[in-house]
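Take a look at the structure below.
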Amino acid sequence: MTTHTLGLIMHGVTGRMGMNQHLIRSIVAIRKQGGVTLSNGDKVMPDPILIGRNAEKMQALAQAHGIARWGTDLDAALANPADTVFFDAGTTQMRPTLLAKAIRAGKHVYCEKPIATNLNEAVEIARLAEASGLKHGAVQDKLFLPGLRKLDMLRRAGFFGRMLSVRLEFGYWVFEGDLQPIQRPSWNYRSEDGGGMILDMMCHWRYVLDNLFGEVKSVSCIGATHIPERWDEAGKPYKATADDAAYATAELIGHNGEPVIAQLNMSWATRVRRDDLVTFHVDGTHGSAVAGLTDCRAQSRVTTPRPVWNPDQKQTMDFFDQWQEVPDSQVFDNGFKIQWEHFIRHVVENEPYRWTLPEGAKGVQLVEVALQSWKERRWVDVPALHI
C-alpha cells in the first residue's frame, strides 16, 4: 500500500460551515483516519494549507487542528505546483472570481454553494471549468444525509408506487439579537452582502428535487422579510434587507415521467413542531414516508389507518405513532466528509463524479427563477440549462 499526498488550498474556513463541516469534520477527520482509500487499496492523505486574510486566526486554527501550513497570500498558494486543489467556502460574491483565478492557475476546484449570486456568473464559471479539463465540484451535502439516503432507498425499491407529491418544511426561529444572542451571521439578512433565504436554500432544494423526486419544470414562489430589524454581532440594530422566508410550489417531472407536485416552505421565523429542522414528506400511491436529517419513517398502503373526521370529538388517533421507522442498515458518515472523499478519488483516480459546477449552476438557476416568480407574481418555467 502506498500513501499519496494531495496538496489542498482551503480558503474561507474561518466561517461556521467552512471550519466545522469542511475543515474539522471532513479534512481533519480524513487525516485522522489515515487518508482516503483508493480502489487499489492505496491511500491519499490531504495536505491542506489554510488561507485567509487574518494571520492570527489562520495560525490559531491551523495549530488547533494539527495543520502545519497556513498563510494570507492566496496568490502565493496558487503559484505552488504542489497544491493541486483549491477549495472555497468564503463569500458567495467573491466565489466566481476566486474559482476562475484558481482554474487559470491550473487547480482543480471544489466549493460551497451557491457557486455565484447570479446565473450569468454561475454559467460562466461552469463553462470555464468544463473547458479547462480540470476536475470541479460543488457541495451537494443534503444528498448524503442519512434521512434522505433512507428515503432514496425507499424510492429505488419502488416503495412509493407512483409518486404524487413532496412537502418540504425547513427552518427554525433565528433570534433577532435584542433579547437573545443571534445564532446565524448577520450578513444572512442583508441582500447587499449575499444574504437571503431564497439564495441560500433554493440551490439546495434544486439538487434534492432533481435527484430524488423529479426534474424541476416550473416554480411559483413568494418571499418575505418577516423580521424587518435585527441586531448584529456587535449588538447594533440594522435593517434586514433580505428575505428570511420563502414559500414555493414546484412542478416536477418524476423519474417515471409522471408529474409530481412539490411544496417548499422555508423560514428563519418559525418555531419548530415537527420531527426535525427539515422534513421531507413524500406521498405515493403505494406508500408515504417522512425523512428528517437522520431518521426516516414510512407508512405503506396496507398499513394506512382509516381516520374518521368528527369535529365534535377529540381525536383519539396518535398519527405520529402509526409510522414504521426505516432502520439504520449501515453506518452513516458525515455527509460533507463523504462528498470530500468522492471528490478526492475523482481527482486522483478519475472516479465518476456528477456533483459538478454545472450542477451547481442549476441551483443558481432555480434561485433566479424563484426570485423572478416573486417579483412578477406568476409561475415561471425552468428551461434546460446548457453549459
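Quick rundown of the values:
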read-out	value
The chain: C-alpha pair distances exceeding 34 Å, %	33 percent
Projected label distance in nm at Gln315 and His286, using a 7 Å step from Cα toward the beta-carbon	2.8 nm
Extreme residue, positive dipole direction of the chain, given options Asn211, Ile182, Thr279 (C-beta unit charges)	Asn211
Mean separation of Cα contacts under 8 Å (6+ apart) over length of region 165-246, as relative contact order %	36 percent
Label point distance in nm, Gln322-Arg127, each placed 7 Å from Cα along Cα→Cβ	5.3 nm
FRET efficiency, Thr97 to Met153 (Cβ-Cβ, R0 30 Å, nearest 0.05)	0.15
Contour minus Cα-Cα distance for Leu385 and Gln263 (0.36 nm per residue)	41.7 nm
Helical mean residue ellipticity (222 nm; -39500 (n - 2.57) per DSSP H run of 4+; nearest 500) of the chain	-8000 deg cm²/dmol
Dipole magnitude of region 211-314 about its Cα centre (Cβ charges: Lys, Arg +1; Asp, Glu -1), debye to nearest 20	340 debye
Per-residue Cβ neighbour rank within 10 angstrom, fewest leading, Asp283, Asp83, Asp328	Asp328, Asp283, Asp83
Selection of GluC sites (Glu not before Pro), region 219-310, meeting DSSP coil and at most 14 other Cβ within 10 Å	Glu233
For Gly12, residues with placed amide H under 5 Å, excluding near neighbours	Ile51, Ala89
Long pairs among Lys32/Lys337; Lys43/Lys135; Lys113/Lys236; Lys43/Lys142; Lys107/Lys362, criterion Cα-Cα beyond 21 Å	Lys113/Lys236; Lys43/Lys142; Lys107/Lys362
Around Pro352: net Lys/Arg minus Asp/Glu count, Cβ-Cβ under 13 Å	+1
Stretchable slack from Arg162 to Glu351, in nm (0.36 nm times residue separation minus alpha-carbon distance)	64.8 nm
Distance in nm between pseudo-label sites at Asn256 and Ala68 (7 Å out along the Cβ direction from Cα)	5.7 nm
Only Lys, Arg (+1) and Asp, Glu (-1) charged, at Cβ; region 22-71 dipole about Cα centre in debye	120 debye
Cα shape, region 43-153, gyration tensor, a/c 1.5 rule	oblate
For Cys296, distant residues with modelled amide H under 5 Å away	Val326
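Values in this text are rule-based calculations from the coordinates and carry no lab data. Nothing here was measured: the structure is a model prediction, and the numbers come from that model. Note: ideal-geometry Cβ built from the backbone for every residue, glycine included; neighbour counts use all protein chains shown.
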